[in-house]
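The values are calculated or read from the model by the stated rules, or taken from the named source; none is laboratory data. None of these values were measured; they are calculated from a predicted model. Glycine also receives a Cβ, built like all others from the backbone with ideal geometry; neighbour counts cover every protein chain displayed. Just the protein is used for accessible areas: all its heavy atoms, side chains included, with ligands, DNA and RNA removed. Shrake-Rupley method; radii C 1.70, N 1.55, O 1.52, S 1.80 Å.
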Amino acid sequence: MPVEANDAFTLILEPVKRCNLSCLYCYSDGAGAAVMSQQTLQTALEKTARYAERQGFREIHLLWHGGEPLLAGLGFFQAAIKILVGLTSDLKFHHYLQTNGLLLDHDFCAFFRDHAFQIGISLDGPQVLHDSLRIGANGQGSHDAVLEKIRLLEEQGVSPGFNAVVTRRSLGQEKAIYRYFQDIGYGFRVNPMVPGRNPEASAPYLLQPGEYGSFLCRLFDEWASTERQRVMVSPLDLYLEAILGGVPYECQQRGTCAGSQIGVKPSGDAVLCSRFETHLLGNIHDSEIQELVALPFCEDIRRRAETLSGCHTCRHWSICHGGCPLNALVFCQDHMAKDPFCKDYQLIFARIHRALADLQRKPDSYPEP
């Protein structure tokens, strides 16, 4: 069962912007080699804990992102744990780290095991699909190297999760992608590609309206029809949970994310979410989080769902709320617009509704949330 939105504050930390891969669909500019200083790290952690306690949160979810966060080095993460141990707080801290996996070694894996990090590995599925877009500076794919690193995690008792980016090359590959992760024995998450840092290079891979939703529907059917060795697939599991419960569990579809999360870049610059490359709120050294989340941009995000009056009569309003403001910004250049994946959400929500109706007629046919 996902943690309730009001229970946890999310701090998204980017220890470093640069990356050791050159993925064709990357949305980040990857600029700058500097690693977040320990002063910035400590300030971000202390101010987040202070804000979270004052606002009544019970947990802090630390999302370590990038760039490639492991480029910051093991010592950076050891310092973070030391800072957290020194905090006088009753808050619970949970770590989630997203990596391409290539820098994992024995020491990193043991550290992540000892401190209960949940590790997400970027892996787009079968080798031919993964290697076509997730390439190094030498133009070579990274699939085989990633699999070797997964074995290192397994040797240390760490069970990773996986994140696959959905591009136009993924269309029609739903069965192959699902069977791939089923064969390696892990659940996975899919995310649609958003406009990249090199528009001319990434444009051919962008999904057209409805293509992501159709992809999700075909993936759902494959998932639902699995009788043995079924693996979990997000966000399908969260969408199923949302439809059953009538409330969203995806951050992108809650009424607002303002006030419950913040992203901090290596320089200390603060944004609402680390995926925002623009719309800086300020710097963590200069302001308390309470001040940052009260700025006009965050106020816009708080009232955004209310302004999307055309969405209010939608059957799926209670579990969507107009979708993600960042998607609206990067596709439509307007963070107050509705999510351009609207058609896609409608397709998958309707498909799940039909599946639940079928389940009433034929029990035990579809996955439990």
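Spatially close Lys pairs in the chain, defined by Cα atoms under 30 Å apart and a spacing of eight or more places or different chains, total 20.
When peptides 246-256, 351-361 are sorted by average Cβ neighbour count within 10 Å, with the highest value leading, the order is 246-256, 351-361.
Per-atom-type breakdown for the stretch 264-369 gives carbon and sulfur 52% of the accessible area (1.4 Å probe, protein chains only). Net charge in the neighbourhood of Q98 (other residues with Cβ under 11 Å of its Cβ; Lys, Arg +1, Asp, Glu -1) is -1. Explain nothing, just the number: relative contact order of the chain, from Cα pairs under 8 Å at least 6 residues apart, as a whole percent. It comes to 18 percent, rounded to a whole number. Using a probe of 1.4 angstrom and keeping all protein chains present, the accessible surface of the stretch 189-230 works out to 50 square angstrom per residue. Taking one quarter of the surface of the C-alpha convex hull of the stretch 119-273 gives a mean projected area of 11.9 nm². Legend: helices of the chain (whole DSSP H runs) are marked when their alpha-carbon atoms reach 24 angstrom or more along the helix axis and their mean Kyte-Doolittle hydropathy is at least -1.0; marked are 342-361.
Here the stretch 115-190 and the stretch 41-75 have alpha carbon centers that stand 26 Å from each other.
Between H106 and K343, the contour length at 0.36 nm per residue exceeds the alpha carbon distance by 80.9 nm. With a simple spin-label model that places each label point 7 Å from the Cα along the Cα-to-Cβ direction, the separation between R179 and W317 comes to 4.4 nm. Compute the relative contact order of the stretch 71-190 as a whole-number percentage, counting only Cα pairs closer than 8 Å that sit 6 or more residues apart in sequence. Relative CO of the stretch 71-190 lands at 25 percent. In the context of the full set of protein chains, the stretch 39-117 has a per residue accessible area of 44 Å² (1.4 Å probe). Of the accessible area of the stretch 201-250, computed with a 1.4 Å probe over protein heavy atoms only, carbon and sulfur atoms account for 48 percent. Comparing L171, L62, L147 along the charge dipole axis of the chain, the residue lying farthest to the positive side is L171, per the Cβ-charge model.
Placing dummy labels 7 Å off each Cα toward the beta-carbon, the span from C332 to Q118 is 3.0 nm. One compactness figure for the stretch 278-330 is 1.39, namely its Cα radius of gyration divided by 2.2 N^0.38 Å. Note: the stretch 108-183, Cα convex hull, 95 Å³ per residue. Of the residues V330, Q156, Q360, the one whose Cα sits farthest towards the positive end of the charge dipole of the chain is Q360 (charges of +1 on Lys and Arg Cβ, -1 on Asp and Glu Cβ, taken about the Cα centre).
Ordering 126-132, 22-28, 137-143, 260-266 by mean Cβ neighbour count within 10 Å, with the highest value first, yields 260-266, 22-28, 126-132, 137-143. Considered as an equivalent ellipsoid built on the Cα gyration tensor, the chain has semi-axes of 30, 26, 21 Å, the largest given first. Ordering 149-156, 320-327 by mean Cβ neighbour count within 10 Å, with the highest value first, yields 320-327, 149-156.
Based on the alpha-carbon gyration tensor of the stretch 1-120 and its eigenvalue square roots a ≥ b ≥ c, which shape applies: rounded if a/c is under 1.5, prolate if not and a/b is larger than b/c, or oblate? Since a/c reaches 1.5 and a/b is larger than b/c, the shape of the stretch 1-120 is classed as prolate.
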